[in-house]
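K.L.:
Sharing a structure below in structure tokens format, with a few things to ask.
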Amino acid sequence: MARLYVGNLAHETTESQIHNAFSTHCQVSSVKVVSDRRGRPKGFAYVDVADSESAEAVIEAMRGTQINGRTMDIVRDEPRKGGRPLRRR
């Protein structure tokens, strides 16, 4: 399984809209639109696809594609190295 970061989304973009757009190019396992503590979308999402080949193919196929008038920024999501940084207070 491969994970894609999809940025520059309009705040009204739904998980089903993203799923429908990506499923025409590959098998989508899940879509998660990231929200803040109050439940407002933050303008990006994560899409899980079947494998690495599908991830590369969908990135190329959807380059320059728009949803709700915003051109999506799609890249592979790389895991963080060293874990999460500590919060400073």
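K.L.:
I'm trying to understand the selection: among the residues of the stretch 38-49, which are surrounded by fewer than 14 Cβ atoms within 10 Å (Cβ to Cβ) and either within 14 Å of the chain's Cα centre (by Cα) or not small (Gly, Ala, Ser) (or both)?
P.N.:
Keep residues of the stretch 38-49 that are surrounded by fewer than 14 Cβ atoms within 10 Å (Cβ to Cβ), which gives 38-40, 42.
Across the stretch 38-49, the qualifying residues are Arg38, Arg40, Lys42.
K.L.:
Could you grab the pairs with beta carbons closer than 8 Å, sequence gap of 6+ or different chains, first residue in the stretch 5-16 and closer than 11 Å to Pro41 by Cα, second one small (Gly, Ala, Ser)?
P.N.:
Leu9/Gly43; Leu9/Ala45; Ala10/Gly43; Ala10/Gly69; His11/Gly43; Thr13/Ala45; Glu15/Ala45
A short reminder: the numbers here are calculations on the coordinates, not readings from a lab. Everything quoted here is computed from the prediction, not taken from an experiment. Cβ coordinates were reconstructed from backbone atoms using ideal geometry, including for glycine residues, and neighbour counts include every protein chain displayed.
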